[in-house]
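Below is one structure, written out as structure tokens, with a few remarks after it.
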Amino acid sequence: MRTPLPSHLGALREGFTLLRRHPVLALALALLAMGLAQLGPALELAAGAGPNPLLQPILGFAGLLPLEMYFIPRLQAQLDAEGLNAPSNPAQQWHETFDGRWLRTFLARLGLSIAIGLGILVFVVPGVLIMTVFGWAPLRMLLRGDGLLPALKWSQAAMARHWPRIVQAVLAMMLVGLVYLFGVTWAVGHFLPTLDPDQIPPAMLRLKHPAFWISNLTTGLLNLWFSCTLLALYQRLEALVQPGQKVDSEA
């Protein structure tokens, strides 16, 4: 009988290990996330907009854009270089390597995010498929220096072979995030019992109340763990397809 392949759930633990490698840096990025998250309600106040379920996430994402598009990829590049010291991302030159790649990686990730968002708006399934098949392309470009098309082909071919265990690990991450979301919602409701759970909290309240600052801090830490876990998953996937170097020809 064929021995079943092991799962990639161990990547969740490896994400914690990667995050603990630089605790001071991780805390600094979490504090940065906490501060940037408050730009969302600040922009709402500056625009004179009331609570809006569509505007709030857009402004929140705009506030977090520097973290998502620069600082987190920089952390991933550093951890990858320290852990693997691959010729495409050497430990001694990871700063220069990252600086030369991050802009095109940002543009690729932005384009992919738009495609995923449009797919989800149209019928949900196309967006999920795009994310599943091509989601590793920006990380491939950042860490290994591939161009856009080779990175898309690599992601597609790698996921065609190994998607069940990768998706299983990602779903486990989403479950952790869902449990965290319920916990944060309960905690905020506990500290703000008069707040209607069916309504968006006013921008001024989100700016002033410590409960939102603390939740933004813990959310920042969770986001860093997500990013480190995705790096661990990518490295596992790369180890599976790297030896033969036949991915592009089979894509």
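The values are calculated or read from the model by the stated rules, or taken from the named source; none is laboratory data. Everything numeric here is computed off the predicted structure, so don't read it as measured data. Reconstructed Cβ throughout: ideal geometry from the backbone, glycine too, with neighbour counts over all protein chains shown. Quick note on the areas: whole protein, heavy atoms, side chains included, nothing else; ligands and nucleic acids left out. Shrake-Rupley method; radii C 1.70, N 1.55, O 1.52, S 1.80 Å.
Observations
- Largest to smallest in accessible area, the residues LEU84, LEU12, LEU230, LEU79 fall in the order LEU84, LEU230, LEU12, LEU79 (1.4 Å probe, all protein chains included).
- Portion, in percent, of the accessible area of the chain that falls on carbon or sulfur, probe 1.4 Å: 71
- Two-site FRET efficiency, ILE58 against GLN92, from Cβ-Cβ distance with R₀ of 45 Å, rounded to 0.05: 0.65
- Stretchable slack from VAL124 to ALA172, in nm (0.36 nm times residue separation minus alpha-carbon distance): 15.3 nm
- Accessible surface of LYS208 - all protein chains present, 1.4 Å probe, nearest 10 Å²: 150
- Using the Cβ-Cβ distance between ALA46 and GLN199 with R0 = 22 Å, the FRET efficiency computed as 1/(1 + (r/R0)^6) comes to roughly 0.55.
- Peptides 145-152, 118-125 ranked from most to least packed by the mean count of surrounding Cβ atoms within 10 Å: 145-152, 118-125.
- Solvent-accessible area per residue for the chain (1.4 angstrom probe, square angstrom): 56
- Taking LEU36, LEU129, LEU143 as the candidate residues, the one with maximal mean-square fluctuation in a Gaussian network model of the chain, Cα springs under 10 Å, is LEU129.
- Length available on full extension from LYS208 to SER113: 0.36 nm per residue minus the Cα-Cα distance, which gives 31.1 nm.
- The chain: DSSP helices with Cα axial extent of at least 24 Å and average Kyte-Doolittle hydropathy no lower than -1.0: 94-123, 148-191, 210-241
- Protection proxy ranking of 217-227, 171-181, 93-103 - average other beta-carbon atoms within 10 Å, highest first: 217-227, 93-103, 171-181
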